[in-house]
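The values are calculated or read from the model by the stated rules, or taken from the named source; none is laboratory data. Predicted model, so just to flag it, every value in this text is computed and none were measured. Here the Cβ positions follow ideal geometry from the backbone for every residue, glycine too, while neighbour counts run over all protein chains shown.
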Amino acid sequence: MDSRASVLECRDLKKSYGDNAAVKGVGFHIAEGETYGLLGPNGAGKTTTISMVTGLLERDSGEVFVNGLPLTTTSIDAKREIGLVPQDLAIYPDLTARENLIFFGKLYEMSGSDLKKRVDEVLEIIGLTDRAGDRTEEYSGGMKRRLNIGLGLLHQPRLLLLDEPTVGVDPQSRNAILESVEQLSGEGMAVLYTTHYMEEAERLCDRVGIIDLGEIKAEGTRRELVQLVGQHDRIRLQATGPCAAGVEALASLAAVREAGVRDGGIEMLVDNADRWLAEILGKVSGAGVGISSVDVEEPNLESVFLHLTGRALRD
Amino acid sequence: MRQAWTIASKDLRLRVRDRSAFIVGIIAPLGLAAIFSSIFTPIENFDFTATYAVVDEDGGQVAAQFVQLLEQFGQTAGVEIEAVGSRAEAVDLVDVEPFSSEEGADAAFVIPPGFSQAVESDQPAGLEVLSGQGGIGAGVAVSFAEQFASELTYARVAVASVENLGGTDDRFAAGLRALAIPPPVNLVDLEATNKELAGKTFYAAGLAIFFLFFTVQFGVNSLLEERQAGTLGRLMAAPMRRSSIIAGKAIMAFILGLISMVVLVVATTLLFGADWGNPLGVLLLVVGGIISALGIMAVVAAFARTPEQAGNYSSMVAVILGFLGGTFFPVGQAGGILADLRFITPHAWFMQGLGDLSAGNVADVLPAVGALLLFGLVTGSIALLVMRKGLRA
């Protein structure tokens, strides 16, 4: 793939600490408007990877290009394109939210009315306009997290790197953070999102890299990953009438791998529920079965991770 | 460089808010200087005055010599000498109650009849000192009389020597001439060449340079604080050279140190009467002192893992260097190895520089300033190497 076509291009990143190889040849790319997830348990190498991608950490080998610009620990131009939201809070508790934003804005060469305007915008985005003049030591954990994200967005980077931004966050703030990421991605920002929460990766990421022991075990869209390990969607129909006839009618569809009558309804395994759902419902209805509800359960990344690594995400 | 100033400005704002730099950099040294000043001011400002009565009931040659010496002493030491006619009159003068409106005397010398003759004939001779209420004035009078007796003995030896050499002069005339000969030790006002600072200035300067190391430590350790707080990563991810981060910290530490020193120099001068010397010379020494403190504290911080550890190490180093460098007592006067060893500390060079400045002109501080800058250069280079390596890891 042409590196200039991607916002982020990483090739064969390696990093060892003594004899311990933390990252062993990780490579991936992220396009404009795409959210890429690095999903793996603690200690998988996510933070080491993101540290190399941001130029915080000197890599042993490999290449990183941001918007076509090569990135090293000393790069300046490439770093302008990156917004970092570190895993741990990186804000000054003795400064107000506004002062924190202004300080980091100046480090990104912003100044004057442009900086002021952008600070106001970011405060609005993260919902801290009313508390902008308070010292952040007085903030709740969720407010601090939001500011932590705001600092990464301030200079309108083309690439936003979020390293487990929802760890230790209450459900309400977590949801707000996820919504913000969705919005930013929708606005065209490329996002690298590391997490060990399968639900977040499934909700946010266009593509996911399953990382474990410093290696990307598999990469692709959720569906590609699921298919990679041979898993199927599960469809449950709450039904009345001749359910057995409905099951028989489904036998003519190749995408339906398995079907049966269970708990007063029909349950089946399907290759691609999105693609075949309408046809399935047509077949079942055509057999005289009345359908009161449809429940589609796609195989999750947890099961993919388990399949690929032999252990659960939270091990 | 602009980003370094931004970092320095942010750090200064943080230090202003947590007030710790003010306490260590200004309030503590100023408070201690005030305490030391209150101890030394009464001694330095003490102005001795006394009134002595003298009764010459003898009228002889030796008695006349004593009175003459007493009058000479009175002229140089600010002592008023009052000749009275009788012992009773002298007793009345020294018996005056303190704070009474009557004018009295702190002590009275009574030269009894036959005093000169007794001395001339090598017989025991008594000189009476009436001390009244006692006190410093009376003590000085007793000392003066004892000194005269001592010199009289010296005169007798001198006379004996004259006789042994075959002299024919009247023996006591020769002795008295010997008394008039100035002592062989010639006391000269050493102020112009004195290399040690005077009391108040010594303590003001000593405390200033001692606390400077603690003040500068705030700036240097903030790099470790950034690491601990997680903000160092964000700084390192920003589009700037990593040296800008270190430069920002150094600028902040320098400014803190400069503010602290300037405030202390001005305050101790105005409030306690410390005499720092030529302002340009002082400024050169202050800048040299800050740079040396910056380098040394940076080395300590570079080898520490946490701000707490750095704080502990820095305090130990600052106290050891402070004591060794003679900021609390003039180590140079102790002599021996300690007097030489002190010059391995910037504190000693700073104090030496101020001593040189008080004795000479601005150019005289240059060796001390050079030594201070060398301290800063060597230690700062080591710190920079270690810190840059740390920022790469």
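Any chance the stretch A:251-267 includes a residue that's assigned to a helix (DSSP H, G or I) and touching a residue at least 12 places away in the same chain (Cβ under 8 Å)?
For the stretch A:251-267, residues assigned to a helix (DSSP H, G or I) and touching a residue at least 12 places away in the same chain (Cβ under 8 Å): absent.
Need a quick list: helices (runs of 4 or more DSSP H) entirely within the stretch B:308-392 having at least 2 residues that are of a type outside the set (S, T, N, Q) and more than 22 Å from the chain's Cα centre (by Cα).
B:366-392
Looking at the stretch B:34-48, is at least one residue at pLDDT below 85, outside any helix (DSSP H, G or I), touching a helix residue (DSSP H, G or I) at 6+ places or on another chain (Cβ under 8 Å) and away from every other protein chain (no Cβ under 14 Å)?
Within the stretch B:34-48, one or more residues are at pLDDT below 85, outside any helix (DSSP H, G or I), touching a helix residue (DSSP H, G or I) at 6+ places or on another chain (Cβ under 8 Å) and away from every other protein chain (no Cβ under 14 Å).
Just to confirm my filter: which helices (runs of 4 or more DSSP H) fall fully inside the stretch A:73-139 and include at least 3 residues that are hydrophobic (A, V, I, L, M, F, W, C) and away from chain B (no Cβ under 14 Å)?
Of the helices (runs of 4 or more DSSP H) lying wholly inside the stretch A:73-139, those with at least 3 residues that are hydrophobic (A, V, I, L, M, F, W, C) and away from chain B (no Cβ under 14 Å) span A:112-125.
Every residue in the stretch A:140-173 that is among the polar types (S, T, N, Q), assigned to a helix (DSSP H, G or I) and without any contact (Cβ under 8 Å) to a residue 60 or more places away in the chain, please.
A:172, A:173
Sort out which residues of the stretch B:249-282 are outside any helix (DSSP H, G or I) and under 15 Å from residue B:203 (Cα atoms), and write them in order of number.
Scanning the stretch B:249-282 gives B:273, B:274, B:275, B:276, B:277.
Given the criterion under 22 Å from residue A:34 (Cβ atoms), crowded, with 16+ Cβ neighbours inside 10 Å and at pLDDT below 90, identify the matching residue among A:154, A:178, A:159, A:84.
After ruling out the rest, the residue left standing is A:178.
With (1) more than 19 Å from the chain's Cα centre (by Cα); (2) at pLDDT below 90; (3) over 30 Å from residue A:15 (Cβ atoms) as the list, and residue A:229 as the residue in question, which single condition is left unmet?
Tallying (1) more than 19 Å from the chain's Cα centre (by Cα); (2) at pLDDT below 90; (3) over 30 Å from residue A:15 (Cβ atoms), residue A:229 fails exactly one: (3).
Report yes if some residue within the stretch B:287-296 is within 30 Å of residue A:105 (Cα to Cα), within 37 Å of the chain's Cα centre (by Cα) and assigned to a helix (DSSP H, G or I); otherwise report no.
Yes: one or more hits.
Does residue A:28 count as under 17 Å from the mean Cα position of the chain (by Cα) and either in a strand (DSSP E or B) or not assigned by TED's automatic domain parsing to the domain that holds residue A:182 (or both)?
So residue A:28 passes the test.
Regarding residue A:230, is this residue touching a residue at least 60 places away in the same chain (Cβ under 8 Å) and within 30 Å of residue A:44 (Cα to Cα)?
no
Consider only pairs whose beta carbons are under 6 Å apart and that are at least six residues apart or on different chains; among these, list those whose first residue lies in the stretch B:7-19 and is within 10 Å of chain A (Cβ to nearest Cβ) and whose second residue is among the acidic types (Asp, Glu) and surrounded by fewer than 20 Cβ atoms within 10 Å (Cβ to Cβ).
The qualifying pairs are B:14/A:94; B:17/A:94.
Yes/no per residue for (1) out of contact with any strand residue (DSSP E or B) (no Cβ under 8 Å at 6 or more places or on another chain); (2) under 19 Å from residue A:42 (Cβ atoms); (3) at pLDDT below 90:
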| site | (1), (2), (3) |
| --- | --- |
| A:187 | yes, no, yes |
| A:191 | no, no, no |
| A:203 | yes, no, yes |
| A:214 | no, yes, no |
| A:219 | no, no, no |
